[in-house]
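Peer 1: Have a look at the structure that comes next, please.
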Amino acid sequence: MDVQIETLRRWLSETDNAVFFGGAGVSTESGIPDFRSADGLYNQKYRFPPETILSHSFFLRDPEEFFRFYHEKLVLHGILPNRTHTRLAELEAEGHLRAVITQNIDGLHQAAGSRTVLELHGSTHRAYCSECGRPCPPDRVNEGEGVPRCECGGVQRPDVVLYEEGLDRKTLMDAVEYIRRAEVLIVGGTSLAVYPAAGLIDYYRGNRLVVINRDPTPRDGQADLLIQKQIGEVFAQI
């Protein structure tokens, strides 16, 4: 085991107030594609750019094309939590980790057993009517073909944050508080390129900021501990 991972192990053993902030890289080892890597969704060819399809205005303008993309690329079956998800759940159960803050919408942290999970960008495991706001079973939007509609006639949609939409205020404020109070903040599997989520680490006031990512991030210079490895490789050793 290298000295960086040993340091992370020690820091976690010494605290009951660590917080994990993660992104797409946490779930890629479960088989979920990310967006910004060389083979991510943003670098594949579609009729429209993914950023356009996953925008609020496009959803309103062309829900049929939106759901075609959504069903093909964002609704994935048979995906299971990986070692990072399960180890985070274990750290919470052991009393070291207070919360997981995630940009992912796949629900894998909860599937692994994590209890305090703040989903900044929502979840494909919840759905509601875009017209009347009534919740609906997620299968209504995740399964089948075409555009799912509510009894009121409105289009039902996944409870995810689209481009041009703001983050849920309560979730955001709770994330700020967890990060502000954390002794150890672990940032992992994220390019730290998506705002306002990436700006949350500015609220950290401690001196044990850990950045774990295979590729460089804009915040590497701020890290008290920088580990440039696959996140699953790291969590398999802590």
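Peer 1: Given the options 70, 128, name the one that is among the aromatic types (Phe, Trp, Tyr) and open to solvent by 40 Å² or more (accessible area, probe 1.4 Å).
Peer 2: 128
Peer 1: Being outside any helix (DSSP H, G or I), surrounded by fewer than 19 Cβ atoms within 10 Å (Cβ to Cβ), in contact (Cβ under 8 Å) with a residue 60 or more places away in the chain and under 16 Å from the mean Cα position of the chain (by Cα): is that true of residue 187 here?
Peer 2: For residue 187, the condition - outside any helix (DSSP H, G or I), surrounded by fewer than 19 Cβ atoms within 10 Å (Cβ to Cβ), in contact (Cβ under 8 Å) with a residue 60 or more places away in the chain and under 16 Å from the mean Cα position of the chain (by Cα) - is not met.
Peer 1: Which of (1) over 15 Å from the mean Cα position of the chain (by Cα); (2) surrounded by 14 or more Cβ atoms within 10 Å (Cβ to Cβ) is the odd one out, the single condition residue 152 does not satisfy?
Peer 2: Checking residue 152 against (1) over 15 Å from the mean Cα position of the chain (by Cα); (2) surrounded by 14 or more Cβ atoms within 10 Å (Cβ to Cβ), the one that fails is (2).
Peer 1: When residue 5 is evaluated against the numbered criteria (1) modelled with pLDDT under 95; (2) assigned to a helix (DSSP H, G or I), which criterion, by number, is the only one it fails?
Peer 2: Every listed condition holds for residue 5 apart from (1).
Peer 1: Select, from 182, 175, the only residue that is more than 28 Å from residue 55 (Cβ to Cβ) and open to solvent by less than 40 Å² (accessible area, probe 1.4 Å).
Peer 2: Every option except 182 fails the conditions.
Peer 1: Identify all residues within the stretch 121-175 that are outside any loop (DSSP other than H, G, I, E, B), closer than 24 Å to residue 20 by Cβ and among the small types (Gly, Ala, Ser); write none if there are none.
Peer 2: 122, 123, 175
Peer 1: Does residue 227 meet the test of being open to solvent by less than 40 Å² (accessible area, probe 1.4 Å), under 18 Å from residue 104 (Cα atoms), modelled with pLDDT of 95 or more and within 20 Å of the chain's Cα centre (by Cα)?
Peer 2: no
Peer 1: Here's a check for you: in the stretch 89-103, which residue that is of a type outside the set (Asp, Glu) and more than 15 Å from residue 200 (Cβ to Cβ) is surrounded by the fewest Cβ atoms within 10 Å (Cβ to Cβ)?
Peer 2: 95
Peer 1: Please state which one of 178, 195 is aromatic (Phe, Trp, Tyr) and over 18 Å from residue 96 (Cα atoms).
Peer 2: 195
Peer 1: Does residue 196 satisfy the criteria of being touching a helix residue (DSSP H, G or I) at 6+ places or on another chain (Cβ under 9 Å), under 26 Å from residue 69 (Cβ atoms), modelled with pLDDT of 95 or more and not small (Gly, Ala, Ser)?
Peer 2: no
Peer 1: Now for a different question. What residue, of 134, 98, 115, 126, is touching a helix residue (DSSP H, G or I) at 6+ places or on another chain (Cβ under 8 Å), farther than 25 Å from residue 193 by Cα and not aliphatic (A, V, I, L, M)?
Peer 2: It is 115.
Peer 1: Kindly indicate the residue of the stretch 193-211 that is outside any helix (DSSP H, G or I) and in contact (Cβ under 8 Å) with a residue 60 or more places away in the chain and also surrounded by the most Cβ atoms within 10 Å (Cβ to Cβ) among those meeting that condition.
Peer 2: 210
The values are calculated or read from the model by the stated rules, or taken from the named source; none is laboratory data. Remember, it's a predicted structure, so these values are computed and weren't measured experimentally. All Cβ positions, glycine included, derive from the backbone under ideal geometry; neighbour counts span all protein chains shown. Protein only, heavy atoms only, side chains kept; ligands, DNA and RNA dropped before computing areas. Shrake-Rupley method; radii C 1.70, N 1.55, O 1.52, S 1.80 Å.
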